[in-house]
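Q: Mind looking over this structure? Questions follow.
The values are calculated or read from the model by the stated rules, or taken from the named source; none is laboratory data. Since the structure is predicted, the reported quantities are computational estimates derived from the model, not experimental observations. Cβ atoms come from the backbone with ideal geometry, glycine included; neighbour counts cover every protein chain shown. Accessible surface areas use protein heavy atoms only, side chains included; no ligands, DNA or RNA. Shrake-Rupley method; radii C 1.70, N 1.55, O 1.52, S 1.80 Å.
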Amino acid sequence: NLPTLIVHGDLDNSVPIGVAQQAAATLKNLGYSVRFDVLAGGGHDALNVWTQETGAERIYEYFRRHQRNPWPDEVILKTSYVRYGYRYWVELIELADPPFDGYIKANVLDATHIRVMTEGVNIFQLDLTNPNLSQDETIEIEIDGVALQAEARQPQATFRAGEDGWQLTEAI
């Protein structure tokens with residue numbers, strides 16, 4: 001939930017500029033905010049050169065203009081490595097079929113409702129201390145069409161895929 005900054009040298013011999021241009025276009029098509037700066041005559045160290053042109057303050061100033069929301073209402077997580085399976089208030093604990101991707105899309109609908117869609121996931125956790133959620137009422141969580149309930153304020157509400165659908169389980 002921060003804008004993406006891409007700085008690429010037009011003479012980069014390690015990663016062709018077309019790769020970065022394609023990545024920027026894909027992100028923009030998905031609705032993300034992207035700033036793409038091309039450093040004329042720059043090589044693979046373009047970000048360092050870009051930053052040093054006016055001092056390190058240039059990159060600090062860019063990021064000071066944007067504030068990261070640590071509790072976004074929507075989290076989309078897709079990875080084939082569990083070690084990269086943590087985003088904000090959602091954590092992928094176990095893939096269904098490694099090394100294939102696991103996918104989780106979690107949305108806070110209101111203070112007592114969360115909707116989760118998954119693919120290729122056996123176990124995941126939600127942090128219900130999320131300030132967008134009620135800290136007093138039971139939280140209703142719909143996971144792939146299965147309705148569950150969890151107590152508010154749980155730092156780790158753990159869900160496991162079973163034969164009958166998703167189940168709330170003990171923390172891993």
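Q: In nm, to one decimal, how far is the modelled label at Gln135 from the one at Val82, with both set 7 Å along Cα→Cβ?
A: Distance between label points: 3.2 nm.
Q: Using Cα-Cα distances under 8 Å and only pairs 6 or more residues apart, what relative contact order does the stretch 71-113 have, in percent? Spell out each step's value before the answer.
A: On the way: 63 pairs, mean separation 19.6, N = 43.
Once divided by the residue count of the stretch 71-113, the mean separation gives 46 percent.
Q: Skipping prolines and chain starts, which residues have an amide H placed within reach, meaning under 5 Å, of the one on Ile143, given they are 5 or more residues away or on another chain?
A: Val116, Leu148
Q: Using a 1.4 Å probe on the protein chains only, how many percent of the accessible area of the stretch 56-121 belongs to carbon and sulfur?
A: Numbers: 2070 of 4140 Å².
Carbon with sulfur: 50 percent of the solvent-accessible area.
Q: Distance in nm between label sites at Asp10 and Glu170, each 7 Å beyond Cα in the beta-carbon direction?
A: Here the modelled spin labels are 6.3 nm apart.
Q: So, one more: Note the full-extension length gain between Ser33 and Glu142 as 0.36 nm times their separation in residues minus their Cα-Cα distance, in nm to one decimal. All intermediate terms of the calculation are to be shown ahead of the outcome.
A: Numbers: separation 109, 0.36 × 109 = 39.24 nm, distance 2.96 nm.
Residue separation times 0.36 nm, minus the Cα-Cα distance, leaves 36.3 nm.
Q: Got a sec to turn the phi values of the stretch 156-169 into Karplus ³J(HN,Hα) couplings, 6.51 cos²θ - 1.76 cosθ + 1.60 with θ = phi - 60°, whole Hz, x for Gly and Pro?
A: 8, 8, 9, 10, 10, 6, x, 4, 9, x, 7, 9, 7, 10
Q: Once you put a point 7 Å from the Cα of Asn69 and another 7 Å from the Cα of Ile17, both along the Cβ direction, what distance in nm separates them?
A: That separation, rounded to one decimal, is 3.5 nm.
Q: Tell me, what is the per residue accessible area of the chain in Å², probe radius 1.4 Å? Mind dumping the intermediate values first?
A: Working: 10340 Å² over 172 residues.
Accessible area per residue: 60 Å².
Q: Report the local net charge at Thr169: Lys and Arg +1, Asp and Glu -1, summed over other residues whose C-beta lies under 12 Å from its C-beta.
A: Numbers: positive: Arg160; negative: Glu94, Glu170.
For residues surrounding Thr169, the net value is -1.
Q: Is the stretch 1-98 best put as rounded, prolate or oblate by its Cα gyration tensor, with a ≥ b ≥ c the root eigenvalues, rounded for a/c under 1.5, and otherwise prolate when a/b is larger than b/c, oblate when not?
A: On the way: a/c = 2.24, a/b = 1.57, b/c = 1.43.
Judged from the Cα gyration tensor, the stretch 1-98 comes out prolate (a/c at least 1.5, a/b above b/c).
Q: For the peptides 131-142, 27-38, what is the packing order when you average, over each peptide's residues, the other Cβ atoms within 10 Å and list the highest mean first? Before the final figure, lay out the partial values.
A: Details: 131-142: 15.0, 27-38: 12.6.
Put in order of decreasing packing, that is 131-142, 27-38.
Q: Can you give the relative contact order of the chain as a percent, counting alpha carbon pairs under 8 Å and 6+ residues apart? Don't skip to the answer; put the middle values down first.
A: Numbers: 337 pairs, mean separation 23.6, N = 172.
After rounding, I find 14 percent.
Q: Give the percent of DSSP beta bridges with both residues in the chain that are antiparallel, rounded to the nearest 5.
A: On the way: 34 of 44 bridges.
The answer is about 75 percent antiparallel.
Q: How would the stretch 5-48 be classified by its alpha-carbon gyration tensor: rounded, prolate or oblate, with rounded meaning a/c under 1.5 and the a/b versus b/c comparison settling the rest?
A: prolate
Q: Further question: Quick check: the angle from helix 17-29's long axis to the longest principal axis of the chain, C-alpha only, nearest 10 degrees?
A: Between helix and principal axis, roughly 40 degrees.
Q: Divide by every residue of the chain the summed helix terms, -39500 (n - 2.57) for each DSSP H run of at least 4, and state the resulting mean residue ellipticity at 222 nm, rounded to the nearest 500 deg cm²/dmol. Don't skip to the answer; put the middle values down first.
A: On the way: 3 runs with 29 residues, N = 172.
Taking each H run of at least 4 residues, the total per residue is -5000 deg cm²/dmol.
Q: Shifting gears a bit: Report, by chain and number, residues whose modeled amide H sits under 5 Å from the one on Leu95, excluding near sequence neighbours (fewer than 5 apart, same chain).
A: Asn122
Q: Would the stretch 104-172 count as rounded, prolate or oblate if I go by the C-alpha gyration tensor, calling it rounded below 1.5 in a/c and otherwise prolate when a/b exceeds b/c, oblate otherwise? Numbers along the way, then the final one.
A: Values: a/c = 1.81, a/b = 1.48, b/c = 1.22.
In terms of gyration-tensor shape, prolate.
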